[in-house]
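Please read the structure below before turning to the comments.
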Amino acid sequence: MSAIAGIIRFDGAPIAPGQIEAMTTAMACRGPQGMSHWQGEGAALGHCLLQTTPESLEERQPVTSEDAALVLVMDGRIDNRREVRQALLAAGAVLRNHSDPELLLRAYQRWGENCLTRIEGDFACAIWHVRERRLFCARDPLGNRPFHYYWSGRSLVFATDLHAILALPEVPQVPNEGVLAEYLASQWYSRDETFWRGVLRLVAAHRMVVDAAGPETRQYWSPDLFATLAYPRDEDYIEHYRELLTTTVKRLSRSFRPLACEVSGGLDSSAIFAVAEQLRQRGELLAPDLAGFTMNFEGDPAADEISYCRAVGKHLDKPVTEVSPWLPPLDWYRERARQYKHFPGMPNGVMAGNLMQQASAQGSRVLLNGVGGDEWLGAGYDCYLEELAAGNWRQFARLLRQEAASEGLAQSLWWAARHGLAPALPEATKAALRRISNWRTNDPDERNWLTPALREALAQQQTARRPPVPPRLRWPGQRNELAMLRNPYNMLAHENHELFTASHGLELRRPLYTPAMVQFSFAVPKRLLFAGGVNRHCHRQALAGLLPETVLQRESKAEFSVTYHHYLPAMQDLLSREIPARRPAWLDQQAISTAFAH
């Protein structure tokens with residue numbers, strides 16, 4: 001994958017020599033195939049190139065239109081490129097090469113901002129209108145590609161990575177205490193703010209237009225809440241999903257180097273690997289080869305999945321490379337935070353460093369993972385609520401009988417009441433029940449170790465970032481699905497993992513976290529996702545024969561607290577004494593010491 005950067009002076013001031021180069025140099029890990037720049041009157045654009053697809057071998061950015069009226073930089077990939085290309089050629093467009101940036105520029109020339117609704121893939125882009133002095137920017141529907149920006153009132157600076165913007169001396173490095181409080185309290189509210197005041201991220205599924213009056217953003221995509229799948233038989237739903245999964249993995253496999261895949265031994269990553277291997281055997285994989293990689297936690301019962309992973313490799317007759325988890329010294333986290341001006345990542349994300357290193361060393365430039373299965377392939381007990389909301393009492397009773405047969409009547413009645421009847425209670429009643437539940441828990445409240453000033457900053461974040469009033473819903477459970485789609489923590493965790501992957505020379509792709517998968521989750525009846533007390537029912541049925549039964553029927557999940565426990569002894573003094581002493585305006589040292597004591 002690549003990186004993009006830009007400086008636009010709407011007051012007509014010239015760009016200082018070396019500034020755009022400083023931004024791309026800060027992101028050098030994203031541009032092993034080179035960096036290039038374009039400069040015009042009061043505007044400069046830069047691009048860092050990582051070639052991953054066959055078409056990217058023809059790519060040269062920034063891309064300029066023949067009349068020099070438009071200049072484009074793009075970080076990303078168009079997955080439905082065949083359909084887009086055919087539509088453009090039919091409309092009379094002349095394509096100068098096969099690269100995705102050329103395709104996007106022509107799509108924008110033909111359809112304007114509406115081109116975003118025609119393009120599938122992961123992307124972040126900026127298009128400078130030279131004569132009109134107007135900038136158009138966009139980020140893909142799920143935010144799989146990053147985009148940060150800073151508006152000074154006279155100029156706009158943007159880049160893939162946060163620290164590239166902060167490389168410019170004109171951008172003030174003032175801590176954003178509201179976001180800091182979110183991290184320290186483990187309560188996330190903001191989707192557009194960063195650690196630095198005034199430096200923002202373009203939210204997923206949004207486009208931004210900037211002129212001398214400043215940035216104006218607007219959402220261009222959201223799932224269709226009233227789309228439904230209505231097949232006469234369950235088998236038809238399963239076949240629909242199987243085709244969707246196969247098509248998605250195939251499109252995201254496009255690479256001129258061997259395709260790498262994380263294979264944890266869990267159902268989701270194993271499914272991606274199995275489908276990719278099936279495509280390879282049929283000659284349909286859009287990459288010359290496929291390689292699987294896993295982390296071996298043998299010896300730690302909670303984290304160890306190696307037997308499942310080996311079962312997958314044996315079933316597919318495709319060995320999976322085993323590596324040890326990476327647990328870098330604490331100084332690595334400090335240095336990474338200094339370099340990237342951002343949270344360095346959690347140990348359970350960083351632990352994949354050796355896996356990424358090995359994949360890159362074996363020649364891969366693309367890494368697939370199974371993120372998205374938890375979010376979009378399982379309904380939990382929302383199936384009860386959906387049937388009640390639709391007035392399908394017969395189907396509700398059928399679900400209850402199925403659960404009772406496998407889990408017992410008492411447990412099934414509790415689930416039905418908790419997930420079918422409780423969500424229909426008045427909001428005041430639900431709020432009272434939540435207060436009682438919180439009162440009874442023994443979990444620590446992370447807000448306690450914040451100073452009063454930072455607690456107030458957190459309260460202001462919560463007030464200012466209240467979730468928008470949802471649109472009209474097809475059924476009440478969609479409120480939870482929308483909240484999951486907009487979850488700030490999920491977005492931050494993915495951005496951290498994406499940057500970490502990029503630092504190893506790899507492009508991260510998530511076949512289970514695409515708009516098509518999201519839309520499937522919103523449209524399919526939840527009883528197809530949860531049946532007989534087992535989540536991911538449709539997913540499991542679609543993979544029958546592709547995965548060994550031990551993995552296909554697996555319900556357990558590994559947990560990686562071992563990576564945290566590895567650091568705790570060395571961190572106790574650091575967290576309870578050293579850092580609070582340096583940051584008394586942020587942290588209550590006594591509260592942190594008390595938390596460690598417990």
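Any read-out appearing in this document is the output of simple, stated calculations on the displayed coordinates, not a laboratory observation. Since the structure is predicted, the reported quantities are computational estimates derived from the model, not experimental observations. Here the Cβ positions follow ideal geometry from the backbone for every residue, glycine too, while neighbour counts run over all protein chains shown.
For region 168-185, 3J(HN,Hα) computed residue by residue from phi via the Karplus equation (6.51, -1.76, 1.60; θ = phi - 60°) reads 8, x, 6, 8, x, 9, 10, x, 8, 5, x, 5, 4, 5, 4, 5, 5, 9 Hz, glycine and proline entered as x. Our estimate of slack between GLU298 and THR594, defined as 0.36 nm per intervening residue step minus the Cα-Cα distance, is 103.2 nm. A simple packing score, the average count of other Cβ atoms within 10 Å per residue, orders the peptides 576-586, 253-263, 125-135 as 253-263, 125-135, 576-586, with the highest score first. Along region 346-362 the Karplus relation, 6.51 cos²θ - 1.76 cosθ + 1.60 evaluated at θ = phi - 60°, assigns HN-Hα couplings of 8, x, 6, x, 5, 4, 7, x, 5, 4, 5, 4, 5, 4, 5, 5, 8 Hz to successive residues, with x for each Gly and Pro.
Per-residue packing, averaged as other Cβ atoms within 10 Å, sorts the ranges 339-348, 361-370 into the order 361-370, 339-348, beginning with the highest. Peptides 465-478, 183-196, 154-167 ordered by packing proxy, namely the average of other Cβ atoms within 10 Å per residue, highest first: 154-167, 183-196, 465-478. The calculated FRET efficiency for ALA483 paired with ARG82, based on their beta-carbon distance and R0 = 45 Å, is about 0.80.
Here the spin labels are modelled as points 7 Å beyond Cα on the Cα-Cβ line, and at ALA13 and ARG474 they lie 5.1 nm apart.
Dividing the mean sequence gap of close Cα pairs (under 8 Å, 6+ apart) by how many residues the chain holds gives a relative contact order of 15 percent. Couplings 3J(HN,Hα) for region 284-291, derived from phi with the Karplus relation 6.51 cos²θ - 1.76 cosθ + 1.60 (θ = phi - 60°), are 10, 5, 8, 8, x, 6, 9, 9 Hz, where x marks Gly and Pro.
Remind me, relative contact order of region 477-577 in percent, using alpha carbon pairs under 8 angstrom and six or more residues apart? In percent, rounded to a whole number, it is 12.
Annotation: amide H-H contacts under 5 Å for LEU587 (H modelled 1.01 Å from N, sequence separation of 5 or more, or interchain): THR451. Assuming R0 = 56 Å, can you tell me the calculated FRET efficiency for the pair GLN357 and LEU95, based on Cβ-Cβ distance, to the nearest 0.05? Result of the calculation: an efficiency of 0.90. Rounded to the nearest 0.05, the FRET efficiency derived from the C-beta distance between ASP374 and SER307 at R0 = 30 Å is 0.90. Here the label points at ALA516 and ALA28, each 7 Å from Cα along the C-beta direction, are separated by 3.9 nm in the simple model. Counting only residues at least eight positions apart within a chain, or on another chain, the aspartates and glutamates with an alpha carbon under 12 Å from that of LYS318 are GLU277, ASP289. The length gained by stretching the chain between ARG334 and ARG154 to full extension, at 0.36 nm per residue less their Cα-Cα distance, is 61.4 nm. A straight line joining the Cα centroids of region 332-360 and region 172-247 runs 23 Å. Debye calculation, C-alpha points only, no solvent: report log10 I(q)/I(0) for region 443-511 at q = 0.15, 0.16, 0.17, 0.19 Å⁻¹, in the same order as the q values. So the normalised log intensities are -0.83, -0.88, -0.93, -0.97.
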